[in-house]
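Trainee: Okay, here's the structure, questions in a sec.
The values are calculated or read from the model by the stated rules, or taken from the named source; none is laboratory data. Keep in mind it's a predicted model, so treat the numbers as computed, not measured. Cβ sites come from the backbone with ideal geometry, for glycine too, and all protein chains shown count toward neighbours. The area values use the complete protein model at the heavy-atom level, side chains included, leaving out ligands, DNA and RNA. Shrake-Rupley method; radii C 1.70, N 1.55, O 1.52, S 1.80 Å.
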Amino acid sequence: MSQVGLFAAEPRVLAEDGEGGIRYWPRFVGAAHAERWFEQLRDDVEWSSYSRPMYDRVVDVPRLVSGFPLDGSKPLPAALQQAALAVSAGLGVAFTHVGMNFYRDGRDSVAPHNDKLQSLVPGHPIALLSLGATRRMDIREKQPSGIPPKRRGWRLELEAGSVLVMSHASQKTFDHGIPKTTAPVGPRISLAFRVRPAGSR
């Protein structure tokens with residue numbers, strides 16, 4: 001496969017730590033690849049919806065989800081295999097799993113959160129590849145104990161073909177989420193590449 005990422009381009013560095021911090025590449029993948037991958041994944045992936053308890057009621061999760069191991073144990077859609085190779089090669093990380101979110105419109109969202117550290121191999125980053133419509137991600141520093149200082153935060157417009165890389169360490173200090181919006185917005189697919197412990201499904 002030909003090289004599809006602009007790997008030589010310098011990322012925008014949002015936060016630094018000993019593991020690479022939080023970095024954003026707005027044009028990691030070319031527009032033609034991003035568009036084709038979006039269309040193929042939208043149509044070919046078996047998307048699922050689910051509900052979860054929240055306080056005293058059960059609510060629908062406001063997005064569709066899917067996911068695949070990247071160890072060859074399960075056939076991958078061609079577009080996903082190409083995307084995984086591009087992201088792994090561009091970042092030099094052998095990711096083991098990809099989680100997928102399909103935001104159908106502005107009503108779909110994900111609340112501010114951090115990835116569960118027990119489900120990740122320490123020292124390895126999380127890489128989010130965006131396909132489809134641009135959506136805003138809010139990144140906010142967690143509230144430290146004691147007297148609250150001014151917390152850092154960003155409202156980042158995640159473009160098609162962009163990659164946001166967050167270190168394992170950053171999950172302890174920052175939350176991230178995709179807020180709902182009333183503005184007209186098209187569908188978006190997010191591919192979250194992670195390194196999980198051996199035996200994870």
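Trainee: For Gly132, are the conditions met, namely being open to solvent by 10 Å² or more (accessible area, probe 1.4 Å) and either free of Cβ contacts under 8 Å to residues at least 24 places away in the same chain or under 16 Å from the mean Cα position of the chain (by Cα) (or both)? Lay out the reasoning, then the answer.
Mentor: Values: open to solvent by 10 Å² or more (accessible area, probe 1.4 Å): yes; either free of Cβ contacts under 8 Å to residues at least 24 places away in the same chain or under 16 Å from the mean Cα position of the chain (by Cα) (or both): yes.
Here the answer is yes, as Gly132 does meet what is asked.
Trainee: Exactly one of these conditions fails for Asp115: (1) part of a loop (DSSP other than H, G, I, E, B); (2) surrounded by 14 or more Cβ atoms within 10 Å (Cβ to Cβ); (3) touching a Ser or Thr at 6+ places or on another chain (Cβ under 8 Å). Give me its number.
Mentor: All conditions pass for Asp115, except number (3).
Trainee: Pro197 passes all but one of (1) in contact with a strand residue (DSSP E or B) (Cβ under 9 Å, 6 or more places away or on another chain); (2) exposed (fewer than 14 other Cβ atoms within 10 Å of the Cβ); (3) touching a residue at least 12 places away in the same chain (Cβ under 8 Å); (4) assigned to a loop (DSSP other than H, G, I, E, B); which number fails?
Mentor: All conditions pass for Pro197, except number (1).
Trainee: May I ask you to list pairs of residues, at least six apart or on different chains, whose Cβ atoms are under 8 Å apart, with the first in the stretch 64-76 being more than 15 Å from Arg194 (Cβ to Cβ) and the second being open to solvent by 50 Å² or more (accessible area, probe 1.4 Å) and not aliphatic (A, V, I, L, M)?
Mentor: If the second residue must be open to solvent by 50 Å² or more (accessible area, probe 1.4 Å) and not aliphatic (A, V, I, L, M), the pairs left are Leu64/Ser48; Leu64/Ser49; Leu64/Arg104.
Trainee: Please determine whether any residue of the stretch 73-86 is open to solvent by 30 Å² or more (accessible area, probe 1.4 Å), at pLDDT 95 or above and part of a strand (DSSP E or B). Before you say what the answer is, go through the steps one by one.
Mentor: Taking the stretch 73-86 and keeping what is open to solvent by 30 Å² or more (accessible area, probe 1.4 Å), we get 73-76, 78, 81-82, 85.
From what's left, at pLDDT 95 or above: 76, 78, 81-82, 85.
Narrowing further to those that are part of a strand (DSSP E or B): none.
No, because not a single residue in the stretch 73-86 is open to solvent by 30 Å² or more (accessible area, probe 1.4 Å), at pLDDT 95 or above and part of a strand (DSSP E or B).
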